[in-house]
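Presented below is the structure to which this report refers.
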Amino acid sequence: MNEINTPKEALQKLERFCAYQERCHNEVVSKLLSLKMTTAEIDLIVVQLIENNFLNETRFACTFARGKHRIKKWGKIRITSELKARHISSYNINLALKEITPEEYYTTFENIAERCWNNLTETNLLKKRKKFCDYLLRRGYESNLVYEKLKELETKA
């Protein structure tokens, strides 16, 4: 493995790292720390990455929110908490959540809820209800949506 000795080499490595996929500041700083860069070097490299548009927290947050919702079918609560864990600002989190249209969000929720309810083989109704709610809440959907959907599905059954 190549040893990174200079900030210039680290910058080139991090440009490739950021070009491969969107990154948040935290990931970049962790990577630089693993390359044994000093705090001053890290600050300099991060500034250069931002100036050259390799690193953009708003773009990261929006891409993250869209991807996690469309691919992993996460709800807004889970997306928000994951972004907060990555130290993304509230402003960027709110922008990111606007990337998901209410229609798309509701359609995804409906599909995942229907599929979950129909796939549960639990015969005890109380256990089935708990498994259904736990699953959707873990996915990050709002409790009022989950409980309304539960009532709707129980009346159909």
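The rows are residues; the columns are (1) loosely packed, with under 15 Cβ neighbours inside 10 Å; (2) in contact (Cβ under 8 Å) with a residue 40 or more places away in the chain; (3) closer than 24 Å to Ser81 by Cα; (4) of a type outside the set (S, T, N, Q).
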residue	(1), (2), (3), (4)
Met37	no, no, no, yes
Leu49	no, no, no, yes
Asn52	yes, no, no, no
Leu55	no, no, yes, yes
Phe60	no, no, yes, yes
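Inspection of the range 68-82 identifies no residue that is assigned to a helix (DSSP H, G or I), modelled with pLDDT of 95 or more, touching a Leu at 6+ places or on another chain (Cβ under 8 Å) and assigned by TED's automatic domain parsing to the domain that holds Ser143. Taking the range 83-157 and the helices (runs of 4 or more DSSP H) fully enclosed by it, no element has 3 or more residues that are touching a Gly at 6+ places or on another chain (Cβ under 8 Å) and not assigned by TED's automatic domain parsing to the domain that holds Lys73.
Screening the range 57-87 for residues that are of a type in the set (S, T, N, Q) and touching a helix residue (DSSP H, G or I) at 6+ places or on another chain (Cβ under 7 Å) and picking the one that is farthest from Asn111 (Cα to Cα) gives Thr58. Of everything listed in (1) among the charged types (D, E, K, R); (2) over 29 Å from Leu136 (Cα atoms); (3) surrounded by 12 or more Cβ atoms within 10 Å (Cβ to Cβ); (4) free of Cβ contacts under 8 Å to residues at least 24 places away in the same chain, the single unmet condition for Glu41 is (4).
Trp74 passes every criterion in (1) within 30 Å of Lys8 (Cα to Cα); (2) touching a residue at least 40 places away in the same chain (Cβ under 8 Å); (3) not basic (Lys, Arg) apart from (1). Within the range 132-148, the residues that satisfy the criterion of being over 15 Å from Leu120 (Cα atoms) and surrounded by 14 or more Cβ atoms within 10 Å (Cβ to Cβ) are Leu137, Arg139, Gly140, Tyr141, Glu142, Leu145, Val146, Tyr147.
Residues that are aliphatic (A, V, I, L, M) and over 16 Å from the mean Cα position of the chain (by Cα) were ranked within the range 75-120; the one that is surrounded by the fewest Cβ atoms within 10 Å (Cβ to Cβ) is Leu120.
The values are calculated or read from the model by the stated rules, or taken from the named source; none is laboratory data. Owing to the predicted nature of the structure, the values given are computational and were not obtained by experimental measurement. Neighbour counts are summed over all protein chains in view; Cβ atoms, including those assigned to glycine, are modelled from backbone coordinates with ideal geometry.
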